[in-house]
1. Check whether at least one residue in the stretch A:406-424 is of a type outside the set (A, V, I, L, M, F, W, C), more than 23 Å from A:H546 (Cβ to Cβ), out of contact with any helix residue (DSSP H, G or I) (no Cβ under 7 Å at 6 or more places or on another chain) and surrounded by fewer than 24 Cβ atoms within 10 Å (Cβ to Cβ), and report yes or no.
2. Filter the stretch A:619-661 for residues that are facing another protein chain (nearest Cβ under 9 Å), surrounded by fewer than 24 Cβ atoms within 10 Å (Cβ to Cβ), free of Cβ contacts under 8 Å to residues at least 24 places away in the same chain and closer than 30 Å to A:G608 by Cα and give the result.
3. Given the criteria within 28 Å of A:K915 (Cβ to Cβ), of a type in the set (G, A, S) and within 13 Å of chain B (Cβ to nearest Cβ), does A:A664 qualify?
4. Take the residues in the stretch A:578-615 that are among the acidic types (D, E) and free of Cβ contacts under 8 Å to residues at least 60 places away in the same chain; name whichever of them is surrounded by the most Cβ atoms within 10 Å (Cβ to Cβ).
5. When the stretch A:502-550 is examined, which residues are found to be aliphatic (A, V, I, L, M) and within 30 Å of A:E702 (Cα to Cα)?
6. Go through A:K398, A:K358, A:K402 for me and flag whichever is modelled with pLDDT of 95 or more and crowded, with 24+ Cβ neighbours inside 10 Å.
7. Any residue in the stretch A:322-341 that is within 20 Å of A:Y942 (Cα to Cα), of a type outside the set (G, A, S) and touching a residue at least 40 places away in the same chain (Cβ under 8 Å)?
Amino acid sequence: MARLQEIDYGTPKRETDKTVTLTIDGQSVEVPEGTSIMRAAAEVGQQVPKLCATDMLDSWGSCRMCLVEVEGVRGTPASCTTPARDGMVVRTQTQRLEKIRRGVMELYISDHPLDCLTCSANGDCELQDTAGEVGLRDVRYGFGGEKHFGEAAEAKDTSNPYFSFDPEKCIVCSRCVRACEQVQGTFALTIDGRGFDSKVSAGTAADDFFGSECVSCGACVQACPTATLTEKTVEAHGTPNRTVLTTCAYCGVGCSFKAEMQGDQVVRMTPYKDGGANEGHSCVKGRFAWGYASHKDRITTPMVRDRITDPWRKVDWDEAIQFAADRFKAIQEKHGRASIGGITSSRCTNEEVYVVQKMIRAAFGNNNVDTCARVCHSPTGYGLKTTLGTSAGTQNFKSVEKADVILVIGANPTDGHPVFASRMKKRLRQGAKLIVADPRRIDLVRTPHVEASQHLQLRPGTNVALMNALAHVVVTEDLVDEAFVAERCDSEEFGRWRAFVAEERNAPEALSESIGVAAETIRAAARLYATGGNAAIYYGLGVTEHSQGSTMVMAMANLAMATGNFGREGVGVNPLRGQNNVQGSCDMGSFPHELPGYRHVSDDAVRGAFEADWGVTLSNEPGRRIPNMFADAIDGGFRGMFVQGEDIAQSDPNTRHVTAALEALECLVVQDLFLNETAAFAHVFLPGTSFLEKDGTFTNAERRINRVRPVMPPKSGLSESEAVCRLARAMGYPMTYDHPSRIMDEIARLTPTFAGVSFERLDREGSLQWPVTEKAPNGTPTMHIGGFVRGKGRFMITEYVPTQERANRSFPLILTTGRILSQYNVGAQTRRTENSRWHEADRLEIHPFDAEERGIADGEMVSIQSRMGAITLQAEISERMPQGVVYTTFHHPSSGANVITTEYSDWATNCPEYKVTAVQVARSNRPSEWQLEHEEVRRTHYRRSMEPAE
Amino acid sequence: MSETIQDLTRMANQIADFFRAYPEAEALDGIAGHIRDFWTRPMRDRLDAHIAAGGEGLDPFVIKALSPASQDA
């Protein structure tokens, strides 16, 4: 489409059923009560000139450009700050208003450079547009402004890698400062000085943007009406001339973006206001870190090799596909149908994932398909399906605006899900209460204008004990929502659960020592959660990546059911999904025991429907999970693997075990953007497509199905789904789609929760939240209204079973792992962007006492040793850590964070226990043995044919 | 190594740890059902063979849940 310029209504939309009717320039308009005159005018196409107003921000009333006349009212009120009232008669354009506006504009322009033709915002500047609108023809005061112009101006700040700040062009409208406060919630910017000396500043006078608390979300850049804050890509290339609406490929928030283009070159990505997940906000990854898509490391030609130590040989698609198919078929002929399998990716579209699982089930002839959700949110699927009846979160993101108490468990939203965190912080600033359960003092515990009522700084591995203790308080202090439970839940299961949690051994006083939190603090948190109004739980991998991950998910569902916190806005149990399409990849039948729509492979009726549609007989036996594949690869029973867009050699636990398995395979096919860690062990490399080349859908953490639209053709010449279809055909199974929309049509035909989904509907309506069924034709933003999907809610007994991974004298500290704002997962994408300037290496966070005891100074190299292995990282002494717990990220492959994680896993799903590894830390001056070996692998396993063989 | 019998034993015992909180008949059903629904046939066969050989290290609940008598009931 041509460049999409969204209407800026000037002030935010009001949400109320009450309306008022007024007349603006002779037109009658009905708007929600509380709507500004400015917005009401915009609703009927009368844009009032404005500079300090924009509809992402509350009105400010400083620029005096939006004045209007109101019958019966003296003077000329600002339309942005004046609410519309019943019967008002407003005029937005009169000779008097024209004269005032022109006079105000003269003042602005007298202190602003007149370099419009060479300005980066030329053609995209609200100041320029408004000067035109008000008919500015002369400036009586001259053009030599003393405060923000010429020599008086401070130097341009280009410290941020993605945008520049040019104080000379600033009109001090405060939109950037207010965006940082109201939209992002970081409060990094301020107005320094008073009156004419007022200037925007990133923190103190000594701070530049890069050194400040700015998180580079881009909200200020988007809000700026001039070229003061401008994307460097716009400075380099000019303003975009066309727009493609698409969806971010990073975290599970799934923000909608406008890809703003010149030809097939992305000029910038700007968040889309009508995007249901983000409503016009973004973070540093989605907004700016998309340069990896055209990074020089991209592999765009298929490659093959006989042995993993051979140099890669570039081939055409036909040869690569035939090579893979021949090897897979030979393996199956020799070792049986079940000797190969594959893994789908949460970074790929629903359609791409669907065809991979279909290829495995129909062409490979087995159920050896698994997905990266195995190592993140598989317990969410198990736990929520068992208790509520469906494997998904219960709310949309907007729901948090109605929450009164927010319980964040094992999640760090300001780093992991920053756009949702901004929404959450906004609600917290409005007065909602916050409880944080996390071993680390994450930013949310205390951040500008937000402070947790309770920080339950529990010991890693004691989640279930904490949840049982909270439930004990609810049950024994008579805080159960008896009416809700009686109407909505299975009474027998509830009775058993009530008796279980009421036992004294589950009292906070009994569990306090294990949990590491004072009993009274636990009691206070329980009372707040149960009595504070709408209570919503948000959680992340700090819940799932434990040996009791599934138990914990059920325990949270129990607590929410007992307190009546389901089935309306503002409540629920909500997983914050790590990758953009975790929900979708699970929905699409990526687990070895389930066909699309979470239906067991042993269900004859379901399997029969797929068999009829696909024209093939399907196995009714559960296939291998990822850890089973690894184990059997080492044992020789599993010999061929297709890996779609995942880097299991970096992301999965116990790296030595994983790489030994990959090394043992006779055929490993990797479909990816880059030669990643896993590709070191591959025989076939099929070039993948970035999100900018994909045509399909992603489903985010709120079950929202969003379109992903290509802004350029696949750099490899072939879409990922077509490559998979070709491989399936080469394996002997006919699989052909003339367009990705046909894949979605098939998904809808075979998956009841997707019954009403199609590309055509998504293109028309923007997005849909499943289930989209006959009963819910427009989707389901809030689940379980009036009843649970499974019928009666099922309370499960959640006995606390301590993990077998224990600290001891040899390994006295507990390591827990996580992520950071600027990097994403294994870093394959973000490491190839300027984001690495914020996080060049993984570091080990350690409490000052633990560091001092070991003679470790901040910044020193330290060895971290577990019973699985050792790595060497730089230490960062941090009071965010509790004593006895250390933390690192796994964004950089050479760090090898997963060399030291263990094989322990969730009892129900085998989700690895990344969050609890017993370690010892000591000063070190050399890389670990594994790190040295890894360097060698990088030298020997990545050569391409143009490089000389050894 | 393919999941060793020690690995399978640990995993099965973890499953038993969860279902142990339920009345015995339900717990046995839960254990057997979980292993049937999520484990591959070769894994189940190996565990059955281990039980047939005495089931060293296995939680008695697992042995009872997977014993032929219990399966037939």
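The values are calculated or read from the model by the stated rules, or taken from the named source; none is laboratory data. Note that the structure is a prediction, hence the values are computed from the model and not measured. With ideal geometry, Cβ positions are generated from the backbone for all residues, glycine too; neighbour counts draw on all protein chains shown.
1. First, pick out the residues of the stretch A:406-424 that are of a type outside the set (A, V, I, L, M, F, W, C): A:410, A:412-418, A:422-423.
Keeping just the survivors that are more than 23 Å from A:H546 (Cβ to Cβ) gives A:418, A:422-423.
The next check asks that each one be out of contact with any helix residue (DSSP H, G or I) (no Cβ under 7 Å at 6 or more places or on another chain); those that pass are A:418.
Now restrict to residues that are surrounded by fewer than 24 Cβ atoms within 10 Å (Cβ to Cβ): none.
Checked against the condition, which is being of a type outside the set (A, V, I, L, M, F, W, C), more than 23 Å from A:H546 (Cβ to Cβ), out of contact with any helix residue (DSSP H, G or I) (no Cβ under 7 Å at 6 or more places or on another chain) and surrounded by fewer than 24 Cβ atoms within 10 Å (Cβ to Cβ), the stretch A:406-424 yields no hits at all.
2. The answer is none; no residue qualifies.
3. Details: within 28 Å of A:K915 (Cβ to Cβ): no; of a type in the set (G, A, S): yes; within 13 Å of chain B (Cβ to nearest Cβ): yes.
No; evaluated as a whole, the condition is false for this residue.
4. Pass one, the stretch A:578-615, residues among the acidic types (D, E): A:587, A:594, A:603-604, A:611, A:613.
Imposing the further condition that a residue be free of Cβ contacts under 8 Å to residues at least 60 places away in the same chain reduces the set to A:594, A:603-604, A:611.
Working: A:E594: 25, A:D603: 13, A:D604: 10, A:E611: 15.
The qualifying residue surrounded by the most Cβ atoms within 10 Å (Cβ to Cβ) is A:E594.
5. Start the filter on the stretch A:502-550 by keeping residues that are aliphatic (A, V, I, L, M), which leaves A:502, A:507, A:510-511, A:515, A:517-519, A:522, A:524-526, A:528, A:530, A:535-537, A:541, A:543.
Those that are aliphatic (A, V, I, L, M) and within 30 Å of A:E702 (Cα to Cα): A:I522, A:A524, A:A525, A:A526, A:L528, A:A530, A:A535, A:A536, A:I537, A:L541, A:V543.
6. Details: A:K398 fails: crowded, with 24+ Cβ neighbours inside 10 Å; A:K402 fails: crowded, with 24+ Cβ neighbours inside 10 Å.
So the residue among A:K398, A:K358, A:K402 that is modelled with pLDDT of 95 or more and crowded, with 24+ Cβ neighbours inside 10 Å is A:K358.
7. Yes, the stretch A:322-341 contains at least one residue that is within 20 Å of A:Y942 (Cα to Cα), of a type outside the set (G, A, S) and touching a residue at least 40 places away in the same chain (Cβ under 8 Å).
The rows are residues; the columns are (1) in contact with a Pro (Cβ under 7 Å, 6 or more places away or on another chain); (2) within 14 Å of another protein chain (Cβ to nearest Cβ).
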site: A:L873; (1), (2): no, no
site: A:R880; (1), (2): no, no
site: A:Y887; (1), (2): no, no
site: A:H891; (1), (2): no, no
site: A:I900; (1), (2): no, no
site: A:W907; (1), (2): no, yes
site: A:P912; (1), (2): yes, yes
